Amino acid sequence: MMPSRRPLAQPLLLLLTASSSLWAGNATSQQYQLAGHALEEASGLATAGSGGYWSHNDSGHAATLFHVDPEQGRAVPVSLPVPALRDWEEIAGMRWRGRSLLILADVGDNRGRRDQVRLHFIEEPAALDASVRSVHSLALRFPDGPRDCEAVAFDPLDERIYLLSKRDQPPRLYSLDAAEALTQPLLLARFEREVEVLSAAGDWRARGLRPLTYAPTAMDIRADGGGLLVLNYLEAYWWPRTAGQSIPQLMAQRPHLLERPGLPQAEGISFTADGTAAMVISEQLPTRLVRLSLPLGPTPPIADNPAPEGKTDR
């Protein structure tokens, strides 16, 4: 999360033609720009069931969902029936037993002071003019104390919600049982593992990069469970999944490094509807998105790093 730098000085929604919204990219990526300043601090991205994507602003804004159409260069606002969100950092799609839900993840905690963070579950709007129905609101605690988090995703194969911490090095992976998350008022997340590959992948110190460059800002699990994406401020990573792998097991393997998005303050990532590419969105104005193709094939595993038994504190 970064402080907002520009006021809402433009009309809520401006439209661009498809040709003007697409700006130069190379053979493996396409880049888009949205018009207007309403989505001025995009902090999450999720694939919309009816086409396009869902996004939202960071903290300090109204509880508003945006339907993003990169081809048309537009973001259409949709009001939400949820209480004020303290630090909304992520949005995730959740296909749950015949229902299409969205997870609104109010989980940001820059100073590590929030005893509880929250996940709000809503029905995914079937149309932009449809009323949005709230499903459930969950208070969440981490087993090892407050954690700043900007990366949340739902796995349809093991029916768990995963959360990846931002400011720990290495990042720490937690999970929740989805059925419990949709019914209980308060849950304690389960610590899964430290994700060593994300701290080691870029050799951050040797490259003279800022400490938070490595920090995960978003993640997504493909709608069929077939892979995982993680984004940080510089790079995006892709893990193709094989049969029988859990998400913690998958994140013990070395990921594919995708082409760098080249966006300032990249904070949202999602699979495209067909699952063959990643879409990344920038938090800074003008709001830009980049579509990155995914390489095929598995990557070599690295040494496993399970959680130490009986130890969850750092």
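The values are calculated or read from the model by the stated rules, or taken from the named source; none is laboratory data. Just so you know, these numbers come straight off a predicted model, no measurement behind them. A quick note on method: Cβ atoms are made from the backbone with ideal geometry, for glycine too, and the neighbour counts reach across all protein chains shown. To get the accessible areas, we keep the full protein, side chains included, count just its heavy atoms, and leave off ligands, DNA and RNA. Shrake-Rupley method; radii C 1.70, N 1.55, O 1.52, S 1.80 Å.
With a simple spin-label model that places each label point 7 Å from the Cα along the Cα-to-Cβ direction, the separation between residue 276 and residue 97 comes to 3.5 nm.
What the pair-distance distribution of the stretch 21-169 shows, using all Cα-Cα distances binned every 5 Å from zero, is 2, 9, 18, 21, 19, 15, 10, 5, 1, 0 percent.
Cα-based values for the stretch 127-176, radius of gyration first and Dmax second, are 14.3, 43 Å. When the solvent-accessible area of the stretch 44-152 is split by element, carbon and sulfur atoms take up 43 percent of it, the probe being 1.4 Å.
Rounded to the nearest 0.05, the FRET efficiency derived from the C-beta distance between residue 110 and residue 190 at R0 = 25 Å is 0.60. Summing +1 for each Lys or Arg and -1 for each Asp or Glu among the other residues whose beta-carbon sits under 11 angstrom from that of residue 289 gives 0. The Cα-based radius of gyration and maximum Cα-Cα distance (Dmax) for the stretch 101-158 are 13.7, 42 Å.
The H on the amide N of residue 136, modeled in the peptide plane, is under 5 Å from the matching H of 121, each at least 5 residues off or on a different chain. Give me the tail of P(r) for the stretch 95-242 as a percent: Cα-Cα pairs with distance above 21 Å. Here the long-distance tail beyond 21 Å is 46 percent of all Cα pairs in the stretch 95-242.
Distance between the modelled labels on residue 128 and residue 141, one decimal in nanometres: 4.3 nm (7 Å Cα→Cβ projection).
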